[in-house]
Amino acid sequence: MTGAGGWPRPSCARPDRSARHAGQRRYPAHGQAAAEFIHQADGEFVFPIKENRQALFDALDALPWREVPVAHTATDRGHGRITTRTIQVLPAPEDLPFPHAGQVS
């Protein structure tokens with residue numbers, strides 16, 4: 001099942017709400033807590049990592065991206081611009097400071 005842009009939709013079971021306290025957030029908002037929640041629900045996730053997560057960004061930036069073949073390329077035209085996006089995929093390093101990641105791209 002895919003969502004917008006052909007990305008896979010996260011598939012996760014709904015939590016048991018009977019044990020929740022009033023006003024408590026049902027789902028984690030982002031990051032490591034969300035990854036843990038989705039993993040426990042046997043789901044899959046895709047998270048963008050930006051430079052504001054410095055340790056994680058640096059760990060991914062240090063990977064040998066120049067040696068990784070391009071798996072897919074897409075070129076879009078719009079708003080007076082031409083944008084080319086590429087996807088490269090590697091297995092997640094075991095020492096990656098993010099839980100339950102299987103691949104990085």
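All of the numbers you see were taken from the coordinates with simple rules; none came from a lab. Here the structure is a predicted model, which is why all the values come from computation and not from measurement. In this analysis, Cβ positions are derived from the backbone assuming ideal geometry, glycine residues included, and neighbour counts consider all displayed protein chains.
Points worth noting:
- The label point for residue 105 and the one for residue 50, both projected 7 Å from the Cα toward the Cβ, are 2.0 nm apart.
- With one equal scatterer per alpha carbon and no solvent term, the Debye-computed log10 I(q)/I(0) for the range 49-105 at 0.15 1/Å reads -0.56.
- Formal net charge of residues neighbouring residue 52 (Cβ-Cβ distance under 14 Å; K, R +1; D, E -1): -1
- Extension gain, residue 76 back to residue 90 (0.36 nm per residue minus Cα-Cα distance, nm): 2.6 nm
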